[in-house]
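The values are calculated or read from the model by the stated rules, or taken from the named source; none is laboratory data. Because the structure is a prediction, the values reported are computed rather than measured. Please note: Cβ atoms are built from the backbone with ideal geometry, for glycine as well, and neighbour counts cover all protein chains shown. Please note that ligands, DNA and RNA were not included when accessible areas were found on the heavy atoms of the full protein model with its side chains. Shrake-Rupley method; radii C 1.70, N 1.55, O 1.52, S 1.80 Å.
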Amino acid sequence: MNFPKIPLAQWVDHLVDWITSTFDPLFSAVTSFIEGLLDNLVKVLDIGPPILLILIITLFALYTCRWGVAIFSLIGLLLIDNLGYWDATVQTIALVLSSVVLTIIIGIPLGIWASQNDTAKKIITPILDFMQTMPAFVYLIPSILFFGIGVVPGILASVIFAVPPTIRLTNLGIREVPGDLIEASDAFGSTTGQKLFKVQLPLAAPTILAGVNQSIMLALSMVVIASLVGAPGLGAEVYRAVTQIKVGQGFEAGLSIVIIAIILDRVSQNLRKPLLGNVINKKWVYSVLAAVLVIAYAVTAFSQAAVTNQTGSKNVGDQVNYEITGIDPGAGLMKATEKAMKDYGLKNEWTLKEGSSAAMTAELKKAYEKKEPIIITGWTPHWMFSKYDLKYLKDPKGSYGKGESIHTLTRKGFKQDNPGANKILDQFYWKPADMEDVMVKVQDGAKPADAAADWIKSHKKQVAKWTKGAPKGNGKEVSLVYVAWESEIASTNVIAKVLEQEGYKVKLQQVEAGPMFAGVAGGSADAMVAAWLPTTHKDYYDKYKGKFEDLGPNLKGTKLGLTVPKYMDIDSIEDLKKSK
């Protein structure tokens with residue numbers, strides 16, 4: 001059937017835009033609250049040397065669980081500290097605890113409501129099904145627009161992903177309370193509240209705590225995904241290792257997550273009936289811990305508020321909270337930015353926020369529409385320079401170099417195996433303006449393959465130069481890999497369409513930058529047209545040099561640097577170095 005496509009994506013985009021503009025004050029308040037909650041919690045957990053928190057966790061594990069769990073906690077946490085991941089671990093614990101607190105606040109009341117009202121249960125159940133089956137990555141997209149990049153969208157995505165078990169098992173636990181006990185409480189004249197708090201909740205507590213335990217594990221499983229939008233912690237370390245193909249570093253960070261997961265799982269399972277509960281009353285232990293945490297948190301929050309209130313300067317640093325919005329932690333652009341921050345004396349004052357290119361452009365969109373100041377790591381060609389009025393900050397020290405070229409790389413032996421495709425790839429060359437034409441169409445809603453096909457139709461003479469003298473493919477396969485940057489999506493789809501028109505069967509694979517180089521160097525992929533040199537992909541190029549063929553640049557005239565909207569009154573990176 002040839003029915004027109006329902007414009008569902010456009011409807012969702014318009015809805016998100018409307019929600020963003022209408023509820024922006026609410027989102028700003030939520031962002032400030034959650035960021036403050038997490039920042040202060042990190043400071044509380046980080047009071048004193050690491051051994052202090054390690055001993056507290058070990059003693060608590062001993063109180064709630066067996067000796068084995070306590071010894072494992074001690075050795076495991078000491079290992080994490082020895083490996084150099086203690087700060088990231090504290091941030092991860094704070095992120096998980098913040099997510100779990102919000103999950104309990106939201107989940108248990110909704111579970112109680114569903115248990116007391118069949119209509120509510122019928123409404124909530126399909127929503128929970130949707131929340132659990134929708135890929136967690138999807139939650140990050142509107143979250144970035146609502147709350148910006150950083151820990152807030154990561155926490156909220158974690159809550160959405162983790163709250164269903166708490167709701168479901170709270171509802172299940174209450175509904176499974178024996179009917180004769182309910183009848184007995186009714187016979188004694190119990191009110192609905194008395195029946196709930198005196199009978200149903202106490203009897204349902206094991207099931208409810210099982211739901212909370214599952215939510216803790218699900219929240220912890222989200223730490224890597226949350227790092228894609230700038231959330232700190234062990235997830236960011238794993239993500240950085242993946243993008244840079246550092247197996248050992250990835251194993252260390254992953255092992256740290258496993259250790260934290262085991263400790264949280266065992267301790268949360270035994271909260272209701274701690275092993276030493278008969279020796280020391282659990283109410284006393286939990287009350288003391290809660291009191292210490294609340295007092296420490298209050299002192300930290302008041303201290304932070306006092307420091308914040310002292311900031312009265314109106315320079316650019318204060319306007320952007322001394323933050324530069326970056327992209328993937330393993331990108332060469334990020335390393336160049338770190339070098340620039342060092343060259344210009346910004347390392348002590350400024351923070352380079354990690355995330356992804358998608359998160360960065362979403363943050364730019366949000367700030368630009370409200371004419372708010374923002375500093376990002378930018379590069380051209382990129383569609384954002386066509387859509388927004390932006391400018392590069394001058395770089396008098398030359399920290400970002402003189403620009404880059406994008407090279408085409410093929411695996412060893414590809415020229416002999418597939419001379420026709422190799423010739424086309426070797427002759428592939430276009431200009432930044434050509435790439436931006438495709439990128440803008442994709443950004444406006446066109447599918448990458450369709451945008452590439454449209455560009456090819458309108459540039460037949462240019463495409464003919466690429467294919468001149470190349471034999472037809474006759475069904476030969478060509479495997480192309482690319483990183484999910486807008487520029488590389490454009491170039492890879494264009495060359496793929498050209499190869500297909502010449503009779504080749506093309507397979508496209510989207511990966512991170514590290515795996516992209518590893519794939520071509522290892523022979524599992526035939527080629528890529530996405531190597532930014534000499535800066536962005538320098539580490540990967542040097543690591544695998546000699547294991548691939550460099551066919552030279554397919555585009556020249558790229559540029560890297562710090563970028564701001566033109567409405568900002570700043571022209572040079574040197575202007576960022578000002579006293580507070």
> What is the extension gain from L83 to K468, computed as 0.36 nm multiplied by their sequence separation minus the C-alpha to C-alpha distance, in nm to one decimal?
Replying inline: 133.1 nm
>> Tell me the relative contact order for the range 351-453 as a rounded percent, counting alpha carbon contacts under 8 Å between residues six or more apart.
In response: 28 percent
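Out of every Cα pair in the range 163-294, what percent are spaced more than 18 Å from each other? Mind dumping the intermediate values first?
Working: 5974 of 8646 pairs.
Roughly 69 percent, once rounded to a whole number.
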> Could you name the aspartates and glutamates in cross-link range of K370, using Cα to Cα under 20 Å and dropping any fewer than eight places away on the same chain?
Replying inline: D13, D17, D24, D318, E323, D389, D569
>> How tilted is helix 8-22 with respect to the longest principal axis of the chain? Cα atoms for both, answer in degrees (0 to 90, nearest 10).
In response: 60 degrees
>> Along the Cα→Cβ direction, 7 angstrom out, place labels at K5 and Y567. What is the inter-label distance in nm?
In response: 3.2 nm
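Please give the calculated 222 nm ellipticity per residue for the chain, where each DSSP H segment of at least 4 residues contributes -39500 (n - 2.57) and the sum is spread over every residue; nearest 500 deg cm²/dmol? Walk me through the numbers on the way to the answer.
On the way: 27 runs with 361 residues, N = 580.
Per the formula, -20000 deg cm²/dmol.
Could you tell me the calculated FRET efficiency between Y286 and I75, based on Cβ-Cβ distance and R0 = 30 angstrom, to the nearest 0.05? Working shown, then result.
Details: r = 25 Å, r/R0 = 0.85.
For Y286 and I75, the calculated efficiency is 0.75.
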> Once both axes come from the Cα atoms, what is the angle between helix 448-457 and the longest principal axis of the chain, in degrees from 0 to 90, rounded to 10?
Replying inline: 10 degrees
>> Among N40, A29, W11, which residue has its Cα furthest toward the positive end of the charge dipole of the range 1-48, with +1 on Lys/Arg Cβ and -1 on Asp/Glu Cβ?
In response: W11
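If you add up the charges near D180, with Lys and Arg at +1 and Asp and Glu at -1, over every other residue whose beta carbon is less than 14 angstrom from its beta carbon, what do you get? List each step's numbers first, then the result.
Numbers: positive: K195; negative: E176, E183, D186.
Local net charge: -2.
So which of K461/K547; K347/K371; K246/K347; K465/K505; K415/K460; K397/K538 end up more than 29 Å apart by C-alpha? Can you show the working numbers first?
Working: K461/K547 34 Å; K347/K371 27 Å; K246/K347 25 Å; K465/K505 21 Å; K415/K460 25 Å; K397/K538 20 Å.
Going by Cα-Cα distance, K461/K547 fall outside the 29 Å limit.
Let me know the charge dipole size of the chain about its Cα centre in debye, to the nearest 20, where only the beta-carbon of Lys, Arg (+1) and Asp, Glu (-1) is charged.
840 debye
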> Per residue, how many Å² of accessible area does the chain show with a 1.4 Å probe?
Replying inline: 48 Å²
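Rounded to the nearest percent, how much of the accessible area of the chain (1.4 Å probe, protein heavy atoms only) is carbon and sulfur?
Details: 17040 of 27980 Å².
Carbon and sulfur atoms account for 61 percent of the accessible area of the chain.
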> For helix 50-64, what angle does its Cα long axis make with the longest principal axis of the chain, in degrees from 0 to 90 and rounded to 10?
Replying inline: 50 degrees
> In this model, which of K431/K476; K339/K556; K342/K577 are farther than 21 Å apart at the alpha-carbon?
Replying inline: K431/K476; K339/K556
> If you average over every viewing direction, what projected area does the convex hull of the Cα atoms of the range 87-240 give, in nm²?
Replying inline: 9.6 nm²
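Could you give the length gained on full extension between S386 and S190, defined as 0.36 nm per residue of separation minus the Cα-Cα distance, in nm? Working shown, then result.
Numbers: separation 196, 0.36 × 196 = 70.56 nm, distance 6.80 nm.
My answer for the length gained is 63.8 nm.
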> Based on the Cα coordinates of the range 360-454, what is the per residue volume of their convex hull in Å³?
Replying inline: 149 Å³
> Taking 1 over the mean of 1/r across every pair of different Cα atoms in the chain, what Kirkwood radius in Å do you get?
Replying inline: 26.9 Å
>> In Å, what Kirkwood hydrodynamic radius results for the range 427-479 from the alpha-carbon pair distances?
In response: 12.5 Å
>> Let's test the formula: R0 of 35 Å, r as the Cβ-Cβ distance of N348 and T125. What FRET efficiency results, to the nearest 0.05?
In response: 0.10
>> I want to make sure I understand the PRE zone here: with the label point 7 angstrom from the Cα of I262 toward its beta carbon, which residues in the range 66-109 have backbone N atoms less than 15 Å away?
In response: 66-81
